Amino acid sequence: MSLFRTKSVERSIAETDEPDHRLRKDLSAWDLTVFGVGVMIGTGIFVLTGQEAYRSAGPAIVISFVLAGIACALAAVCYAEFASTVPVAGSAYTFSYATLGELIAWIIGWDLVLELALGAAVVARGWSAYLQSLLDLPTWLAGDAARPDFGAIAIVVALTALGVLGTKLSGRFTSVLVVVKVAVVLFVVVAGLFFIKASNLTPFVPPSKPSSGESGLDSTLLQTVFGVEPTVFGIYGIIAAASVVFFAFIGFDIVATSAEETRNPQRDMPRGILGSLAIVTVLYAAVAFVVTGMLKYSDDRMNTAAPLAEAFSANGLEWASKIISVGAVAGLTTVVLVLMLGQARVLFAMSRDGLLPQGLAKVHPRFGTPYKITIITGAFVAVLAGFVPLSELSKLVSIGTLFAFVVVSAGVIVLRRTRPDLDRSFRVPGVPLVPILAIAACVWLMVNLSVETWLRFLVWMVLGVGLYVVYGRSHSRLGRDQAAGKA
């Protein structure tokens, strides 16, 4: 059963004090909340709001955002309990190691590469395109089929350097940009209220109608396995849109990767995770309401890459599009930064455990950051963002995140049974009901993803298991200690 050996909570916490692997504890509840808001307000609010209103839900896209927020909240309370009880870098990877065993922990760590590194690369490309449009730069800077995306490479390199210089410095930089983009979002809400037309919000829930749908590998798993005929609008359209706009909430779990660098994780981790999620859910719902009130959901201008700007242009406010673009650039900058910080912390935890080369887990003597892992992460993301077509692979970000949510929610139930003695400063209410609801909500969102996405995800998981068998299992620090009778 060595594949499922678990690492005790006490050992995980004790290893955080090892001289070569000690991260600097600089973060407060405010820093964590800023990280959460910084990573969540990005592509979702600036793009998906209009697109999903047009395609699936109409003005009821407001309800879709609320439903997605509730699904995330169920998982978020599970993350909050774990992060405050086991304040160690690694997030879902570390939590899985303490509850479900080493193999599952490795799979989750490997899975998080999909969410964090791939997500950072996708958003970096979006940042490059927005900046090129905002400043009217040469189009070749944003890349094409024949040339690399130099803008995306540049932002990744710059943010990698910032990540090496210190988590607190990264937090201050993020705080400034978060203020900018939240100000832009509030501008959209407040200014847009004056241009809402009741006719645009009627009917609020458009009547259901058959969808042209997709076929073959492009169809959803639910449609393929159970023969469910997809519809748009109506109740099913609202739920289908929630599966897509869920992408906009990806990121609150990244707050948990900073637990080891938090001064008072028992108090501050729950505040940071739940606080940031609450803020963005309210902002998302408000923006969705205003935008669908300013421009009819069936207008083709809603189905574009910049629906917020189009809504203002339709009401004679062309100048507002520049303000929105500034918010988008600021928003996407913080998303890339926080995603890469989270990825570095997960790989740092895996390296410290010996599942990856331990030398990579060395902390910089001056800056107190895992600089080797940070540089490697930056190089990997830069290559992905600059040279690899990511339009289809971006769907893997959602399925990777949802899978992590499922495992963490299950882990809460397991740890409550195996270690009821642990001091829990924050407890998930209604265990096991709330974690089970979180699992059910995430599985529902997963089955609404395409068969092709599932197949790619399974291939990635098989590659990960193969790497564990070849390297991780034999180099595991816990495994070696157990074999030597030290654990």
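We did not get these values from a lab; they are worked out from the coordinates using the rules stated. Every value quoted in this text rests on a predicted model; they were computed, and no experiment measured them. Here the Cβ is made from the backbone with ideal geometry for all residues, glycine too, and neighbour counts use every protein chain on show.
Close amide-amide hydrogen proximity is noted between THR231 and SER211, each under 5 Å apart and 5 or more residues distant or on a separate chain (H modeled in the peptide plane; Pro and chain starts excluded). Each Lys and Arg Cβ is given +1 and each Asp and Glu Cβ -1; about its Cα centre, the chain then shows a dipole of about 980 debye.
This model, with +1 at the C-beta of Lys and Arg and -1 at the C-beta of Asp and Glu, gives segment 71-224 a dipole about its Cα centre of some 540 debye. Phi angles across segment 406-419 convert, under the Karplus curve 6.51 cos²θ - 1.76 cosθ + 1.60 with θ = phi - 60°, into 3J(HN,Hα) values of 4, 5, 5, 4, 5, x, 4, 5, 5, 5, 4, 7, 7, 9 Hz, Gly and Pro given as x. Evaluating 6.51 cos²θ - 1.76 cosθ + 1.60 at θ = phi - 60° for every residue in segment 283-294, the Karplus couplings come out as 5, 4, 4, 5, 5, 4, 5, 5, 5, 6, x, 7 Hz, glycine and proline recorded as x. Taking trypsin sites (Lys or Arg not before Pro) in DSSP loop conformation with at most 14 other Cβ atoms inside 10 Å as exposed sites, the chain has its longest uninterrupted site-free stretch at 23-196.
When only DSSP loop residues count, what chymotrypsin sites (Phe, Trp or Tyr not before Pro) in segment 268-352 have their Cβ near at most 13 other Cβ atoms within 10 Å? Answer by residue number: TRP319. Amide H to amide H distances under 5 Å link LEU27 with THR262, ARG263, where only residues 5 or more positions off or on other chains count and H is placed in the peptide plane. Taking each DSSP H run with n ≥ 4 as -39500 (n - 2.57) and averaging over every residue of the chain yields -20000 deg cm²/dmol at 222 nm. Here's how it looks for SER208: its modeled amide H is under 5 Å from those of GLY234, which are all 5 or more places away or on a different chain.
Ranking VAL462, VAL123, GLY378 by how far each Cα lies toward the positive end of the dipole of the chain (charges on Cβ) leaves GLY378 at the top.
Judged by the ratio a/c of the largest to the smallest principal axis of the C-alpha gyration tensor, segment 192-317 counts as oblate, that ratio being 1.5 or greater while a/b is no larger than b/c.
For the chain, excluding the exposed loop sites themselves (GluC sites (Glu not before Pro), DSSP loop, at most 11 other Cβ atoms within 10 Å), the longest remaining stretch covers 1-317. Taking θ as phi - 60° and the Karplus parameters 6.51, -1.76 and 1.60, the scalar couplings of segment 307-315 work out to x, 5, 5, 5, 5, 6, 4, 5, 9 Hz in sequence order, x denoting glycine and proline.
Partners of LYS197 within straight-line reach, counting aspartates and glutamates whose Cα lies under 15 Å from its Cα and excluding those fewer than 8 residues away in the same chain: ASP299. Cross-link pairs exceeding 24 Å in C-alpha to C-alpha distance, out of LYS181/LYS372; LYS168/LYS362; LYS372/LYS486, comprise LYS181/LYS372; LYS372/LYS486.
Between 0 and 90 degrees, the angle of helix 102-113 with respect to the longest Cα principal axis of the chain falls at about 40 degrees. Normalising the average separation of contacting C-alpha pairs (under 8 angstrom, six or more residues apart) by the number of residues puts the relative contact order of segment 2-483 at 34 percent.
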